[in-house]
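*Asks:* Okay, handing you the structure first.
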Amino acid sequence: MTTLPTLDQARAARERIAPHIRRTPTYAHDGIAYKLELLQVTGSFKARGAFNAALQISPARRALGVVAVSGGNHGLAVAHVGKTLGIRATVVMPETTPARTVERARADGAEVVLVPTIAQAFALTEERRAQGQAVIHPFDDPAVMAGQGTIGFELLEDIPDLETLVVSIGGGGLIAGIATVVKALRPRVRIYGVETEGADAMRKALDAGEPVTLPAITSIAKTLGAPYVAPATLDAAQRLLEDVVVVSDAQAVEGILAVQDALCVLPEPAASCCYAAVSAGLVPRARKGTLAILVCGGNVSLDDLARWRTMLAV
Amino acid sequence: MGTYVLALVGCALVFGGLTQVAELQMAGWDPESLGPIPAALRGMSIVGTLAVPVLWASRPLRAVGAFLFGFTAAVLLTGPLFASLALEGRLPHL
């Protein structure tokens with residue numbers, strides 16, 4: 001079983017990836033702190049984990065290339081990593097991936113393979129692994145989690161009185177990495193996970209006490225669309241999180257509009273769901289310190305937003 | 001002798017248990033920032049387990065033994081709280 005990263009591994013990751021990523025800002029608005037990770041290279045936090053994993057692959061294995069499965073953001077990150085480090089990157093994506101995302105990955109030089117479902121994408125990735133390519137898993141890899149965990153250091157530096165932190169969950173790698181760092185350095189910070197209905201693999205796993213495979217991802221938040229969570233990320237959720245709450249797609253879209261109105265940035269539903277959870281009262285407000293929301297990505301188009309608003313009557 | 005043995009077993013169970021709980025709570029915390037706190041709690045548990053039964057078995061020192069029992073238990077119970085304050089920089093740097 002994959003293990004969670006240690007604090008030292010996250011510290012090493014921070015040093016390792018520093019030349020390649022942006023130190024994203026945190027802004028306060030109306031009593032909430034927003035960590036704008038959507039300003040990260042490739043538009044989401046995923047570059048942190050992808051760089052940390054790729055930089056630890058031996059030169060001999062790098063020569064064979066890397067392969068990744070992704071619903072979007074991780075694929076973009078791996079394509080960017082491949083271009084930056086001179087590694088041949090293959091990204092396996094479900095056919096439902098927006099054309100814009102596929103084009104961006106290809107523009108970074110990645111070979112994009114489209115398959116009908118995300119489950120088939122994972123299966124094809126395993127085949128490539130058997131052929132010798134290094135797999136950069138989107139979440140079930142301590143190196144990836146350690147890379148995502150570097151956000152935790154920045155949060156604690158930017159928000160000294162951090163009391164409550166809200167982070168969205170796909171496969172759980174992001175929240176597992178951040179929680180490992182934040183809880184090691186500030187054990188009293190309360191961390192909440194957020195998912196959307198139809199992409200709630202962690203909530204279902206917590207209820208069942210073991211990873212559960214979702215039959216299909218029906219949420220518009222495709223970047224939260226991991227069909228299952230890893231045992232390691234489930235373990236982190238059980239031990240380090242206060243709760244994992246679920247919001248509807250409509251609430252996530254309302255969250256996009258609210259965050260855009262507040263900060264003049266356009267988050268994707270996988271990020272705005274955190275704001276939705278706070279505004280719906282599913283996450284308690286901080287009493288003395290600061291409540292922070294991680295705006296983890298912004299890979300959304302105005303066309304997508306318009307379509308969702310029509311579809312969900314928001 | 002019986003009193004001593006009973007007190008020894010009782011202290012070992014209580015202090016040992018409290019130390020385990022504290023160590024579990026602090027398991028993922030930054031060892032660098034925690035510094036000597038985990039070792040100090042373990043030391044406190046051992047010293048308490050050895051000293052309290054001796055004092056308890058001696059009639060004139062029983063009150064001191066009772067005080068030391070309570071003091072040790074309180075330190076072990078509150079240790080993680082002080083450790084978390086230390087991590088937040090609210091206590092002098094260790």
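The values are calculated or read from the model by the stated rules, or taken from the named source; none is laboratory data. What you see is a predicted model; the values in this text were computed from it and never measured. Neighbour counts run over all protein chains shown; Cβ positions are idealised from the backbone, glycine included.
*Asks:* Kindly indicate whether residue A:11 is modelled with pLDDT of 95 or more and within 22 Å of residue A:167 (Cα to Cα). Spell out how you get there, then give the answer.
*Replies:* Numbers: modelled with pLDDT of 95 or more: yes; within 22 Å of residue A:167 (Cα to Cα): yes.
For residue A:11, the condition - modelled with pLDDT of 95 or more and within 22 Å of residue A:167 (Cα to Cα) - is met.
*Asks:* Confirm whether residue A:75 is part of a helix (DSSP H, G or I) and under 30 Å from residue A:279 (Cα atoms).
*Replies:* Details: part of a helix (DSSP H, G or I): yes; under 30 Å from residue A:279 (Cα atoms): no.
When the stated conditions are applied, residue A:75 does not pass them.
*Asks:* If you go through the range A:144-182, how many residues are more than 18 Å from residue A:296 (Cα to Cα) and surrounded by 24 or more Cβ atoms within 10 Å (Cβ to Cβ)? Give the steps one after another, and end with the answer.
*Replies:* Restricting attention to the range A:144-182, the residues satisfying the condition of being more than 18 Å from residue A:296 (Cα to Cα) are A:160-161, A:163.
Applying the additional criterion that residues be surrounded by 24 or more Cβ atoms within 10 Å (Cβ to Cβ) yields none.
Qualifying residue count, the range A:144-182: 0.
*Asks:* Starting from the range B:15-30, take each residue that is closer than 21 Å to residue A:4 by Cβ and list its partners that are of a type in the set (Val, Ile, Thr) and part of a loop (DSSP other than H, G, I, E, B), counting only C-beta distances under 9 angstrom and pairs at least six apart or across chains.
*Replies:* Final answer for the pair search is B:28/A:6.
*Asks:* Considering (1) under 17 Å from residue B:72 (Cβ atoms); (2) within 14 Å of chain A (Cβ to nearest Cβ); (3) in contact with a helix residue (DSSP H, G or I) (Cβ under 6 Å, 6 or more places away or on another chain), say which one residue B:41 fails and leave the rest.
*Replies:* Result: residue B:41 passes all but (2).
*Asks:* Are there any pairs, at least 6 apart or on different chains, whose C-beta atoms fall under 6 Å, with the first in the range A:1-25 and over 17 Å from residue B:28 (Cα atoms) and more than 14 Å from chain B (Cβ to nearest Cβ) and the second in a loop (DSSP other than H, G, I, E, B) and at pLDDT 95 or above, and if so, which?
*Replies:* That search, which allows pairs on different chains as well, returns A:16/A:55; A:22/A:40; A:24/A:40.
*Asks:* So residue A:102 ticks every box in (1) farther than 30 Å from residue A:15 by Cα; (2) among the aliphatic types (A, V, I, L, M); (3) crowded, with 19+ Cβ neighbours inside 10 Å; (4) touching a Pro at 6+ places or on another chain (Cβ under 6 Å) but one. Which box is left unticked?
*Replies:* (4)
*Asks:* Please state which of the following conditions residue B:22 fails to meet, knowing it meets all the rest: (1) more than 14 Å from every other protein chain (Cβ to nearest Cβ); (2) surrounded by 14 or more Cβ atoms within 10 Å (Cβ to Cβ); (3) among the small types (Gly, Ala, Ser).
*Replies:* Going through the list (1) more than 14 Å from every other protein chain (Cβ to nearest Cβ); (2) surrounded by 14 or more Cβ atoms within 10 Å (Cβ to Cβ); (3) among the small types (Gly, Ala, Ser), residue B:22 breaks only (1).
*Asks:* With a cut-off of at least 2 residues that are β-branched (Val, Ile, Thr), name the helices (runs of 4 or more DSSP H) lying wholly within the range A:194-302.
*Replies:* Numbers: elements: A:201-208, A:231-240, A:249-263, A:269-279.
Where helices (runs of 4 or more DSSP H) fall fully within the range A:194-302 and carry at least 2 residues being β-branched (Val, Ile, Thr), they are A:249-263.
*Asks:* Would you check if residue B:7 is over 14 Å from the mean Cα position of the chain (by Cα), more than 25 Å from residue A:149 (Cα to Cα), away from chain A (no Cβ under 14 Å) and assigned to a helix (DSSP H, G or I)? Please lay out each step first, then the result.
*Replies:* Numbers: over 14 Å from the mean Cα position of the chain (by Cα): yes; more than 25 Å from residue A:149 (Cα to Cα): yes; away from chain A (no Cβ under 14 Å): yes; assigned to a helix (DSSP H, G or I): yes.
In short, yes.
*Asks:* Ok, one more. If the requirement is being modelled with pLDDT of 95 or more and out of contact with any Gly (no Cβ under 6 Å at 6 or more places or on another chain), which of these qualifies: A:203, A:188? Walk me through it before giving the result.
*Replies:* Numbers: A:188 fails: modelled with pLDDT of 95 or more.
None of the other options fit; the residue is A:203.
*Asks:* Sort through A:164, A:213, A:180, A:223 and tell me the only one that's at pLDDT 95 or above and away from chain B (no Cβ under 14 Å). Lay out the reasoning, then the answer.
*Replies:* Numbers: A:213 fails: at pLDDT 95 or above; A:180 fails: away from chain B (no Cβ under 14 Å); A:223 fails: at pLDDT 95 or above.
Just a single option satisfies the conditions, and that option is A:164.
*Asks:* Among A:252, A:286, A:306, A:258, which is the only one that is closer than 26 Å to residue A:39 by Cβ, assigned by TED's automatic domain parsing to the domain that holds residue A:36 and buried (at least 24 other Cβ atoms within 10 Å of the Cβ)? Full working, then the answer.
*Replies:* Details: A:286 fails: buried (at least 24 other Cβ atoms within 10 Å of the Cβ); A:306 fails: buried (at least 24 other Cβ atoms within 10 Å of the Cβ); A:258 fails: buried (at least 24 other Cβ atoms within 10 Å of the Cβ).
Every option except A:252 fails the conditions.
*Asks:* Only one residue in A:200, A:158, A:140 is under 24 Å from residue B:30 (Cα atoms), away from every other protein chain (no Cβ under 14 Å) and within 16 Å of the chain's Cα centre (by Cα), so which one is that?
*Replies:* Working: A:200 fails: under 24 Å from residue B:30 (Cα atoms); A:158 fails: within 16 Å of the chain's Cα centre (by Cα).
Step by step, each of A:200, A:158, A:140 is checked, and only A:140 is under 24 Å from residue B:30 (Cα atoms), away from every other protein chain (no Cβ under 14 Å) and within 16 Å of the chain's Cα centre (by Cα).
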